[in-house]
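Where a number appears in this text, it was derived from the coordinates with a stated rule and is not lab data. From a predicted model like this one, the values you see are computed outputs, not experimental measurements. Virtual Cβ from ideal backbone geometry, glycine too; neighbours counted across all protein chains shown.
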Amino acid sequence: MAGLFIKRTEHSSALLPSVNRIDSTVTKLSSSPLSKLGEFGLISRIAGRVSGHESVVTGIGDDAAVTALSTGMQLLTSTDMLLEDVHFRRAWHDPYRLGRKSLAVSISDIAAMGGIPRWALLSLAIPAGLSLDFIDDFMRGFLGMAAENQVFLIGGDTCSSRSGLTLSVTIMGEQYPDLIVRRSGALPDDDIWVTGTLGDAALGLKVAEEAGSCRPAGDTSSLCCPPGPPGLEGPDTLLSRLLDPTPRVAVGRLLAEAGLVSAMVDISDGVLADFGHIAEQSGVGGCIRIDDLPLSVDFRSQTAALAAIPYQLALSGGEDYELCFTACRSNREKIIDCVKKSGIAVTRIGIVSSSLEVTAVSFDGRPYNNGTDGFNHFT
Ligand SMILES: [Mg+2]
């Protein structure tokens, strides 16, 4: 049997014995409904909710999953870890949206390559005391996001955790070799584009931080958001961008399959840092015009009272999960036409340069002092 959670025993006894051993700390689980259900009960519970697909030859239940790539396509694989209090807080993130987001951020990496997301592996390190309701709601979110993107859960792993909830998602997708878009193809004088709007998630985080935790950790009721100005849904919408991001799969595929873009990346750490990855991989630089950054109506209304627009949230805030791509200037109109059917706007925000430097400038051409170049886990 493979797939979901099955490999824990072999894996942990050989390599990570302390993770799997039931000792005085971990035995707290024994009184919870989750422990009564047991590891294999949990596996069955999750497996019972997973739908099959012709591409999944052998899914959950064997030593390894077997999947069938579409003829002529290559496999795209990416993995992400989400750690409690590093990437999410249980006090803010209800389990349903945490489940959705944990898969969405991985799907976003496939979207960034112009790929078609297909299969996912999910591993969970579960702290003592986490309720079965939490896991059920988490899986409802995870499998809902999977269904929306025609992704099939084919396996994973589970163990106990002594330091918070840890989620690991591996996503696999596919695409024809000639259509896969890498970070390394940007050329000097290409336009720099982004999808959607930027800074909403970062502003949502700021609003949530300033409001403090609205409900106790572990409470699975709906997130309580600070009220916005009358008649505006600003905070709710901004928080939704943070807590329940939408991977831009359709736009990524449309652009890749039309052959219109030279490089692409998803924006997880802020457009300045993520375009920086394109610049580094392509051996180029670029100039981003802050006045051209697409800001949502909610972002503008929430920041209207400030002396200056906080462009740094849009440049470096992170967690937007939009796409940043580069394209030849001659493709401008074709790009606008191409993405129309996705319903997602695209905006030109700058120009690729040969100088190797990545800068942000104001409308008058003066350098914009951003103060930070993106979220970095090691600072
Ligand atoms: Mg990425």
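What ranking do 333, 357, 39, 280 get, fewest neighbouring Cβ atoms within 10 angstrom at the top?
Numbers: 333 8, 357 11, 39 18, 280 14.
Final ranking by Cβ density, sparse to dense: 333, 357, 280, 39.
Given 0.36 nm per residue, what is the gain on full extension from residue 328 to residue 176 after removing their alpha carbon distance, in nm?
Gain in length upon complete extension: 52.6 nm.
Using 20 Å as the cut-off for backbone N distance, which residues of the range 178-195 belong to the label zone defined by a point 7 Å from the Cα of residue 258 along Cα→Cβ?
In the range 178-195, the label zone of residue 258 (backbone N under 20 Å from the point 7 Å along Cα→Cβ) covers 178-183, 185-187, 190-195.
What's the exposure ranking of 75, 167, 121, 198, going from fewest to most Cβ atoms within 10 Å?
Taking fewest neighbouring Cβ atoms as first place, the list is 75, 121, 167, 198.
So between residue 163 and residue 305, what do we pick up on full extension, going 0.36 nm a residue minus the alpha carbon distance?
Length difference between fully extended and current span is 47.1 nm.
Rounded to the nearest 0.05, what FRET efficiency do residue 341 and residue 36 give with R0 = 45 Å and r taken as the Cβ-Cβ distance? Could you check?
0.35
Among 86, 171, 155, pick out the residue whose Cα is farthest towards the positive end of the charge dipole of the range 8-179, where Lys and Arg carry +1 and Asp and Glu carry -1 on C-beta, about the Cα centre.
It is 86, whose Cα lies furthest towards the positive end.
Fewest first, what order do 277, 93 take by the number of other Cβ atoms within 10 Å?
277, 93
Charges only on Cβ, +1 for Lys and Arg, -1 for Asp and Glu: so what's the dipole of the range 278-379 about the Cα centre, in debye to the nearest 20? Spell out each step's value before the answer.
On the way: 9 positive and 12 negative charges, 80 e Å.
Taking the Cα centre of the range 278-379 as origin, the dipole is about 380 debye.
Can you tell me the FRET efficiency between residue 51 and residue 357 if r is taken as the Cβ-Cβ distance and R0 is 45 Å, rounded to the nearest 0.05?
Working: r = 49 Å, r/R0 = 1.08.
So the FRET efficiency works out to roughly 0.40.
For the range 57-66, what does the Karplus curve 6.51 cos²θ - 1.76 cosθ + 1.60, with θ = phi - 60°, yield as ³J(HN,Hα) per residue in whole Hz, taken in order and with x for Gly and Pro?
6, 9, x, 4, x, 10, 5, 8, 7, 10
If all Cα-Cα distances of the range 241-329 are sorted into 5 Å bins from 0 onward, what percent lands in each bin, rounded to whole numbers?
Reading upward from the zero bin: 3, 12, 21, 23, 21, 12, 6, 2, 0.
Dividing the alpha-carbon Rg of the range 8-179 by 2.2 N^0.38 Å yields what? Before the final figure, lay out the partial values.
Working: Rg = 16.4 Å, N = 172, 2.2 N^0.38 = 15.6 Å.
Against the empirical 2.2 N^0.38 Å value, I get 1.05 for the range 8-179.
For the pair residue 210 and residue 63, how long in nm is the line joining their label points, each one 7 Å along Cα→Cβ?
Label at residue 210, label at residue 63, 5.7 nm between them.
Find out how many positive minus negative residues lie around residue 282, taking Lys and Arg as positive, Asp and Glu as negative, among other residues whose Cβ is under 11 Å from that of residue 282.
Details: positive: 182, 183; negative: 190, 280.
Around residue 282, the charge tally is 0.
State the answer as a single residue: which of 43, 145, 131 lies farthest towards the positive end of the charge dipole of the range 8-179, with beta carbon charges of +1 for Lys and Arg and -1 for Asp and Glu, about the Cα centre.
Farthest towards the positive end: 131.
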